[in-house]
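The values are calculated or read from the model by the stated rules, or taken from the named source; none is laboratory data. Remember, predicted model here, so these are calculated numbers, not experimental data. In this analysis, Cβ positions are derived from the backbone assuming ideal geometry, glycine residues included, and neighbour counts consider all displayed protein chains. The protein model used for the area step is the full one, side chains on, heavy atoms only, and it has no ligands, DNA or RNA in it. Shrake-Rupley method; radii C 1.70, N 1.55, O 1.52, S 1.80 Å.
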Amino acid sequence: MTSMRKRVVLVGAAALVLAGVGIGYSLYAVARSGDGAHAAGDVLPATDHGLYVRDSEGSVVLQDGGGAPGRTGTGLECNRFYAAGDTAVCVSVEGSLKPTTKVEVLDADLTPTETFTYSGVPTRARVSPSGRMVAWTVFVTGDNYAGTNFSTRTGIYDRDTGRIVDSLEGIPLYIDGERVHRVDVNYWGVTFAEDDDTFFATVSTAGTTYLVEGDVSEWSATALRENVECPSLSPDGTRIVFKKRVNDSVDDPWRLYVLDLATMQETPLAEDRNVDDQAAWIDDDTVAYGVDGGVWSVSADGAGQPELIAEDASSPAMVHD
């Protein structure tokens, strides 16, 4: 599939160097018409990558380094946003007394192609590397993973077949080799492999959270390890960055770790703040995440220090060639 970066309408490009990490990449900006809608234009010559973020007003922008002055809007307003391949997903909330989540699947021009609605508040969103598979999570009750009084609903949409799964709760779940039938099963934080068939997610049941590996074609999910939340698969498919519960406090429960899927060895990252986010990979060596009102990056090997790459921002999504 043609990458979104080559097909999204552009108005500029700039280079961004991540200090301390040593990763350089060029960014582009999306054209907008006078009323803020997405407008047509020419694709500018060779750029490599684009970093989408959501600003504090809810607008999705392309970040070209140095904070808000270096941004160009996309015309989208989302609570959660993610993009990969030639697909994006914008998840937004409507209403307040009884909130409804609107899930918009967007093409490479950021034009909605499918829209789904669910009761609840949006919390996570992901697209597979090819752009074929889209996933989202909403809070049905509660609004914070730190507590125990919450319920989630996670859906998956296949752009190629049109198949939509409104809730993963019906997928056969296996823990320690046994099929589990429980009414308290909650899934959240899906991340997809390159084959568009394998996915990873968090499942919670009987007071324990697990990393599960799912198979779309076989329609099954198998628990791999306890205490893994909001996984995000690395571009090379070998590691998962996740938030690990390190204490029972509702104010400071999580730290970021990276799990090697071959050895099941985990590495704490050089970020000592509480991070309640589904981190995104910038490349095979670096992850980005939202904390303290900005988007930060840190090395995936546990070395170095966190670097602020986007002020007043959240929901990072790096679009590659």
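Out of residues 5 or more away from ARG225 or on other chains, whose amide H comes under 5 Å of its own, with H placed 1.01 Å from N in the peptide plane?
Long-range HN contacts for ARG225: LEU211.
I need the shape label for the stretch 82-229. Rule: rounded when a/c is under 1.5, else prolate if a/b > b/c, else oblate, with a, b, c from the alpha carbon gyration tensor. Mind showing how you got there, number by number?
Values: a/c = 2.08, a/b = 1.21, b/c = 1.71.
Oblate, because a/c is 1.5 or more while a/b does not exceed b/c.
Would any residue of the stretch 260-304 have its amide N under 17 Å from a label point 7 Å out along Cα→Cβ of THR238? List them or say none.
Flagged as within label range: 260-268, 281-287, 299-303.
Quick one: if you stick a label point 7 Å off each Cα along the C-beta vector at GLU57 and PHE116, how many nm between them?
Label-label distance for GLU57 and PHE116, simple model: 3.1 nm.
State, as an integer percentage, the relative contact order of the stretch 207-305 based on alpha-carbon contacts under 8 Å between residues 6 or more apart.
Working: 210 pairs, mean separation 18.7, N = 99.
Computed over the stretch 207-305, the figure is 19 percent.
Mind listing the phi-derived Karplus ³J(HN,Hα) values for the stretch 273-280, rounded to whole Hz, using 6.51, -1.76 and 1.60 with θ = phi - 60°, and x for any glycine or proline?
8, 6, 10, 9, 7, 9, 4, 10
By the gyration tensor of its Cα atoms, with a ≥ b ≥ c the square roots of the eigenvalues, what is the shape of the stretch 94-145: rounded for a/c under 1.5, prolate for a/b over b/c, or oblate?
On the way: a/c = 3.32, a/b = 1.70, b/c = 1.95.
Judged from the Cα gyration tensor, the stretch 94-145 comes out oblate (a/c at least 1.5, b/c at or above a/b).
Please work out whether the stretch 172-321 counts as rounded, prolate or oblate from its C-alpha gyration tensor, where a ≥ b ≥ c are the square roots of the eigenvalues and a/c under 1.5 means rounded, while otherwise a/b larger than b/c means prolate and anything else oblate?
prolate
Can you tell me the length gained on complete extension of the stretch THR263 to THR141, counting 0.36 nm per residue apart and subtracting the Cα distance?
On the way: separation 122, 0.36 × 122 = 43.92 nm, distance 3.61 nm.
Extending this stretch completely gives an extra 40.3 nm.
Output ³J(HN,Hα) for the stretch 71-82: one whole-Hz value per residue in order, computed from phi by the Karplus curve 6.51 cos²θ - 1.76 cosθ + 1.60 with θ = phi - 60°, and x for Gly and Pro.
10, 10, x, 10, x, 9, 10, 9, 7, 9, 9, 8
Ignoring everything but the protein chains, give the 1.4 Å probe accessible area of LEU224 in square angstrom, nearest 10.
70
So if we plug the beta-carbon distance of ASP292 and SER96 into 1/(1 + (r/R0)^6) with R0 = 25 Å, what FRET efficiency do we get, rounded to 0.05? Please list the in-between numbers first.
Details: r = 26 Å, r/R0 = 1.04.
The formula returns an efficiency of 0.45 here.
How big is the accessible area of ARG239 in square angstrom, nearest 10, if you roll a 1.4 angstrom probe over the protein chains?
Spelled out: ARG239, probe radius 1.4 Å, area about 40 Å².
Let's test this: bin the Cα-Cα distances of the stretch 199-250 at 10 Å from zero up to the farthest pair and state each bin's percent.
All Cα pairs, binned at 10 Å, distribute as 24, 52, 21, 3 percent.
For the peptides 287-293, 151-157, what is the packing order when you average, over each peptide's residues, the other Cβ atoms within 10 Å and list the highest mean first?
151-157, 287-293
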